[in-house]
Amino acid sequence: MHRKILVFVVVASLTTWYSELNAQVRFRAAAGLSTDWITNDNAATKRLSNSEDSVNFDAPFGGGFDGMQIGYGVKFYADLDKQKIIRIPIGVDVFSYSGAQALNGNTYTYNVRHENTIVSTMIGFEYSFIEFPLAFARAFAGAEIRPMYVGANVIRSVANTLVNGVWVPTIDRSANGKESAWRVGGMLRLGIEGEILYPVFLNTSVAYGVMNLLGRDTRTTSEGGRGELLTPFAKNEGSEQYIHHVNFTFMIQVRL
């Protein structure tokens, strides 16, 4: 008898707790600009060719991804309390990485472009640590895990040669480089969100982290390794180094 009463009390308590939690959970969706920027001295940011006037195909290639890379993102939030203090974000970012280099001489031009598409999923935890009532805004900090798909590298080369005063196309080709790969990264995020016109909000944030915390290929290319993660060809490279990056988002957010 006492056991039945205990079971009843536990079930009733769990049911009540779940109902209250379900009543408090609110959902939001956001979409907008999401950019990425490699910040450390990684080969991905180096010149595609190490020479000013020619391409040395025996030397390691750089990625050419120096500067901000454009992308877009979609996020969904689960607010675990009515005050939106604790939230669980889940999302996807798609980045179009692109780098180029031009080698020009008196009688030739040589242009190389390196492209890659990176799809970065994420799940995290955010905590709103301060509210600005007069501005209908709040600041938040968070951490996130980011499983990431790096697409296959593509290199396009276009060359022209000056012949009898006329520029003649001599090379126009695309080449596939390294195959696609999966990595797991992590980021720490700091941001602010403010109400535009309820239920529409503006959410902007900046995050810093490492792109390839897990899954790095620590072999050199001479040992059959992949080499650096975001360079086009596995030639005479060492082991894959960490890639530090900054992510900036500017999104329109809607309470569902």
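The values are calculated or read from the model by the stated rules, or taken from the named source; none is laboratory data. Given the structure is predicted, the values throughout are model-derived calculations rather than measurements. Cβ placement follows ideal geometry from the backbone for every residue including glycine, while neighbour counts extend to all protein chains displayed.
Checking each residue in the stretch 219-239 for being outside any loop (DSSP other than H, G, I, E, B), exposed (fewer than 15 other Cβ atoms within 10 Å of the Cβ) and of a type in the set (S, T, N, Q) picks out only S222. Looking only at the stretch 194-228, count every residue that is over 22 Å from the mean Cα position of the chain (by Cα), modelled with pLDDT of 90 or more and within 19 Å of E131 (Cβ to Cβ) and tell me the total. Counting residues in the stretch 194-228 that are over 22 Å from the mean Cα position of the chain (by Cα), modelled with pLDDT of 90 or more and within 19 Å of E131 (Cβ to Cβ) gives 7. Among residues of the stretch 240-256 being at pLDDT 95 or above and not in a strand (DSSP E or B), the one that is surrounded by the fewest Cβ atoms within 10 Å (Cβ to Cβ) is Y242.
Yes/no per residue for (1) among the small types (G, A, S); (2) touching a strand residue (DSSP E or B) at 6+ places or on another chain (Cβ under 8 Å); (3) modelled with pLDDT of 90 or more; (4) not in a loop (DSSP other than H, G, I, E, B):
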site	(1), (2), (3), (4)
N22	no, no, no, yes
R28	no, yes, yes, yes
A31	yes, yes, yes, yes
A44	yes, yes, yes, yes
V55	no, yes, no, no
G67	yes, yes, yes, no
D81	no, no, no, no
L103	no, yes, no, yes
T109	no, yes, no, yes
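When G209, G215 are checked against the criterion of being of a type outside the set (V, I, T) and buried (at least 16 other Cβ atoms within 10 Å of the Cβ), a single residue qualifies: G209. Within the stretch 23-43, the set of residues being without any contact (Cβ under 8 Å) to a residue 40 or more places away in the chain and of a type in the set (D, E) comprises just one member, D41.
On the basis of being surrounded by 15 or more Cβ atoms within 10 Å (Cβ to Cβ), closer than 30 Å to T204 by Cβ and hydroxyl-bearing (S, T, Y), does Y77 make the cut?
Working: surrounded by 15 or more Cβ atoms within 10 Å (Cβ to Cβ): yes; closer than 30 Å to T204 by Cβ: yes; hydroxyl-bearing (S, T, Y): yes.
Yes: the conditions hold for Y77.
Name every residue in the stretch 231-256 that is in contact with a strand residue (DSSP E or B) (Cβ under 9 Å, 6 or more places away or on another chain) and farther than 30 Å from Y77 by Cβ, in order of residue number. Residues satisfying the conditions are T231, P232, F233, E240, Q241. Filtering the stretch 161-193 to residues that are loosely packed, with under 15 Cβ neighbours inside 10 Å, part of a strand (DSSP E or B), at pLDDT below 95 and not basic (K, R) leaves L162, V163, V166, W167, V168, P169, T170, I171, D172, S174, A175, N176.
Only a single criterion out of (1) assigned to a strand (DSSP E or B); (2) modelled with pLDDT of 90 or more; (3) exposed (fewer than 13 other Cβ atoms within 10 Å of the Cβ) is not satisfied by E144, namely (3). Against the conditions (1) at pLDDT below 90; (2) surrounded by fewer than 16 Cβ atoms within 10 Å (Cβ to Cβ); (3) polar (S, T, N, Q), S49 satisfies every one except (2).
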